[in-house]
Ligand SMILES: [Zn+2]
């Protein structure tokens, strides 16, 4: 039985396709978003599924990685 190196984090466990998706989601998560209420760019994910604006405290439920308006 051949030994396989285990990689950190998302390693060989997932295929390249999934890793690409993971990277995409991470970029999505860090994207600058505009608050739909006041237009401030300090809008981001508060918790999984909850997005909020740091300026006006506007809160919206979205998905874990993106806002669906
Ligand atoms: Zn706002």
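The values are calculated or read from the model by the stated rules, or taken from the named source; none is laboratory data. All values reported here derive from a predicted model rather than from experimental measurement. Ideal geometry is used to build each Cβ from the backbone, glycine not excepted, and the neighbour counts take in all protein chains shown.
Does residue 30 meet the test of being more than 25 Å from residue 59 (Cβ to Cβ), more than 16 Å from the ligand (Cβ to nearest atom) and at pLDDT below 85?
Answer is no for this residue.
Based on this model, can you work out whether residue 7 counts as over 14 Å from the mean Cα position of the chain (by Cα) and at pLDDT below 85?
Answer is yes for this residue.
Quick one: in segment 45-68, of everything that is within 11 Å of the ligand (Cβ to nearest atom) and not in a loop (DSSP other than H, G, I, E, B), which residue is surrounded by the fewest Cβ atoms within 10 Å (Cβ to Cβ)?
If we take residues in segment 45-68 being within 11 Å of the ligand (Cβ to nearest atom) and not in a loop (DSSP other than H, G, I, E, B), then 59 is surrounded by the fewest Cβ atoms within 10 Å (Cβ to Cβ).
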